[in-house]
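A short worksheet on the structure shown next.
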Ligand SMILES: Nc1nc2c(c(=O)[nH]1)N[C@H]1C(S)=C(S)[C@@H](COP(=O)(O)OP(=O)(O)OC[C@H]3O[C@@H](n4cnc5c(=O)[nH]c(N)nc54)[C@H](O)[C@@H]3O)O[C@H]1N2
Ligand SMILES: Nc1nc2c(c(=O)[nH]1)N[C@H]1C(S)=C(S)[C@@H](COP(=O)(O)OP(=O)(O)OC[C@H]3O[C@@H](n4cnc5c(=O)[nH]c(N)nc54)[C@H](O)[C@@H]3O)O[C@H]1N2
Ligand SMILES: [Mo]
């Protein structure tokens, strides 16, 4: 998220695509209402007429999976009418001409053919955004859970770049997140492809973190398999330097032919740590994978659907974890602000906080002393403040270094001093800071950087939270500069684009002697993100420069499968007429260590037997897999049954009446028994299911299998039992917004 929920108060227009905050972010929706009261226009683009759409000035319905078509369709009108911000593009964007060439193909007729949105609506939507600036662009899961999710999100960003809506208050790309610490979990890379702070997995990255942890890099290396199973740029690489299997594909890491798997063996043990299995697609195959494991461990306040989905007899452990109310420490909000939280209640029953459980494992494995070398431990609980100080010492890349526990606590204790629109403290002990010091909060805590409330905003000096686009991808490409031209943050002494800061660049600029002797000792030979003294960052900022250089935003990502976002039909599509022109990717031999199927699935026509598009999402009453919220009597009262939304036309054509029990059957051979909700919220040809239910499997009630007294009040079929194969070509996000189905009375 480049801006913040609060900053949306300053927007003149709000575009929401694949985002339904009335159900998924009801508190954040209040900020959108503030903007509406200030006169902002609201545009909602979604396959469904949602509770959010009910508040919109314009609602535009699209076919699931057609986001690129409709965004390029809107940009077609923007370019046609010269509504783009030419100055912004020439100074701060690389590759917009390539986008323009792709957009030219999306004439109004083609946009309507692919997305279903008629020219009149698409033009009105484009005009709404072009004539009301600054405008914010909000997207959520409707855009990301696709094989081309990365194309969708990049098309959204290109749209904002074209209008010059980036780096300004009231503008930006604002992605409403899921759980309260999704941003923090991402920043720490609780993922398979990077070390904390997006350092990647190269030897240099491991060496940096080994220094921060004060561990011998050679010892860290011995923790990994030294054999190689794949190549990078023609050279063999070991698992330590290659992304592991992402959670979306864990089933395949168990079931896939081991000879096709880029690691020594299949996965034999699985920890589901705060994870609901019914949140993942291919439920029937997951049951198989669960049963094939040697060991299954569930670390959760609830037994979850993991307790009932499989028929394991042994080797299954349930470790009760506390909830966030029983621990304390910092979490990171969507707008990159860190917030300190206190413990509300002592841990209930025998449950333990997650970090205590983790420490106890490290003890069993024999490396607890290394895990907590500079972290005090009380009664097996690592001290949270010390963990915070440790990441402060390492995460220079994104400026997670200035938010010391002391500063975070000061913000928490002085909430009332912060302005609720600008997030800036007006007087008081944190005067001038932005709430939670949204990252990047550069340098050390002593430097007192206030945090960066808006990314890439050149109207303020970097020292006061200003910024520009990163020089992350080199300084030149095909003879063209990648650096910003004639644009820099206020007070930047270079006054134009410049590369990332290194010790050498400081020397070249004659700024090296601005470092103290202590800083020089750590900074020599290093760059802005590996200098553990923070001196390079401090001096760059002193001269008004962003430590990561000043470049253009790239609208062409030459390292991705589709450098300029293009439309591709979903794997399971009922628009066979579009497959030839907009085919999916070729199958891939190895991505995140596993083969990935694309074309081999799309090649087969499922549409005759499974004519309806099946999409999925959220209800305000329940959260995620839903075991926690379906165990809450007040919420359970409000949504007592799993259901599927069906348009009256499809209901009538399939002998279905509102409230009837029906089967929804998917193309991979499974079906779920649910209640029909007949409604025009969905268009003919599209059905929608919430994914929060579990405890029924293909018509069978599994209530008896829950440990005594732990069954949630409400059980139901998991939508993901019938959601199918399909993974984003870069991130491997599952395709849970777009599959096919048929429906019939049960
Ligand atoms: N009550 C509640 N709140 C939650 C959650 C919860 O489980 N319950 N979960 C949290 C989490 S983890 C997240 S990530 C967020 C998610 O928040 P959202 O993404 O807003 O929620 P969803 O309902 O999954 O999807 C949003 C919309 O995408 C639409 N959609 C479906 N297919 C497409 C498509 O192809 N293109 C487009 N443009 N739109 C499409 C759906 O119709 C839906 O209205 O919510 C968070 N908030
Ligand atoms: N079909 C379909 N599938 C989807 C989606 C969709 O839109 N459609 N959305 C996807 C998205 S965006 C997401 S984020 C996932 C969500 O998927 P998950 O993250 O797997 O689901 P949740 O149920 O939100 O949370 C998982 C578990 O965390 C436990 N928990 C709560 N607090 C704590 C704690 O402090 N410690 C521990 N250890 N556990 C705790 C809860 O009891 C719960 O069982 O679902 C995905 N799946
Ligand atoms: Mo999410």
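For the condition closer than 23 Å to residue 317 by Cα and surrounded by 21 or more Cβ atoms within 10 Å (Cβ to Cβ), what is the one hit in 709, 726, 716, 695?
The unique qualifying residue is 695.
Which residue is farthest from ligand 3 (Cβ to nearest atom), if the candidates are limited to segment 12-41 and must be more than 23 Å from the chain's Cα centre (by Cα) and assigned to a loop (DSSP other than H, G, I, E, B)?
Here the answer is 39.
Exactly one of these conditions fails for residue 49: (1) away from ligand 3 (no atom under 16 Å from the Cβ); (2) surrounded by fewer than 24 Cβ atoms within 10 Å (Cβ to Cβ); (3) within 18 Å of residue 170 (Cα to Cα). Give me its number.
Against the list (1) away from ligand 3 (no atom under 16 Å from the Cβ); (2) surrounded by fewer than 24 Cβ atoms within 10 Å (Cβ to Cβ); (3) within 18 Å of residue 170 (Cα to Cα), residue 49 comes up short only on (3).
If you take the residues in segment 68-91 that are closer than 21 Å to residue 469 by Cβ and crowded, with 23+ Cβ neighbours inside 10 Å, which one is farthest from ligand 1 (Cβ to nearest atom)?
75
Run residue 735 past the list (1) modelled with pLDDT under 95; (2) within 27 Å of the chain's Cα centre (by Cα) and report the number of the one that doesn't hold.
(1)
Restricting to segment 419-444, give me the number of residues that are at negative phi and either assigned to a loop (DSSP other than H, G, I, E, B) or surrounded by fewer than 21 Cβ atoms within 10 Å (Cβ to Cβ) (or both).
Of the residues in that region, 16 qualify.
Any idea which of 82, 65 is without any contact (Cβ under 8 Å) to a residue 12 or more places away in the chain, on the phi > 0 side of the Ramachandran plot and in a loop (DSSP other than H, G, I, E, B)?
82
Of these, 388, 397, 356, 304, which one is under 22 Å from residue 269 (Cα atoms), surrounded by 19 or more Cβ atoms within 10 Å (Cβ to Cβ) and within 24 Å of the chain's Cα centre (by Cα)?
Just one listed residue meets the conditions, 304.
Which one of these does residue 148 not meet: (1) surrounded by fewer than 24 Cβ atoms within 10 Å (Cβ to Cβ); (2) at pLDDT 95 or above; (3) within 13 Å of ligand 1 (Cβ to nearest atom)?
(1)
Identify, please: which residue in segment 239-260 is under 26 Å from the mean Cα position of the chain (by Cα) and assigned to a loop (DSSP other than H, G, I, E, B) and is, among those, farthest from residue 226 (Cα to Cα)?
246
Would you mind finding the one in 120, 133 that is outside any helix (DSSP H, G or I) and surrounded by fewer than 24 Cβ atoms within 10 Å (Cβ to Cβ)?
None of the other options fit; the residue is 133.
Conditions first: (1) in contact with a strand residue (DSSP E or B) (Cβ under 9 Å, 6 or more places away or on another chain); (2) free of Cβ contacts under 8 Å to residues at least 60 places away in the same chain. Residue 161 passes all but one, so which condition is the exception?
Among (1) in contact with a strand residue (DSSP E or B) (Cβ under 9 Å, 6 or more places away or on another chain); (2) free of Cβ contacts under 8 Å to residues at least 60 places away in the same chain, residue 161 violates only (2).
Kindly indicate the residue of segment 176-194 that is more than 12 Å from ligand 1 (Cβ to nearest atom) and part of a loop (DSSP other than H, G, I, E, B) and also nearest to residue 331 (Cα to Cα) among those meeting that condition.
The selected residue is 188.
On the given criteria, is residue 619 more than 16 Å from residue 666 (Cβ to Cβ) and within 16 Å of ligand 3 (Cβ to nearest atom)?
Yes; evaluated as a whole, the condition is true for this residue.
The values are calculated or read from the model by the stated rules, or taken from the named source; none is laboratory data. In this text the structure is predicted, and so the values were computed from the model without any measurement. Every residue, glycine as well, gets a Cβ built from its backbone with ideal geometry; the counts of neighbours run over all protein chains shown.
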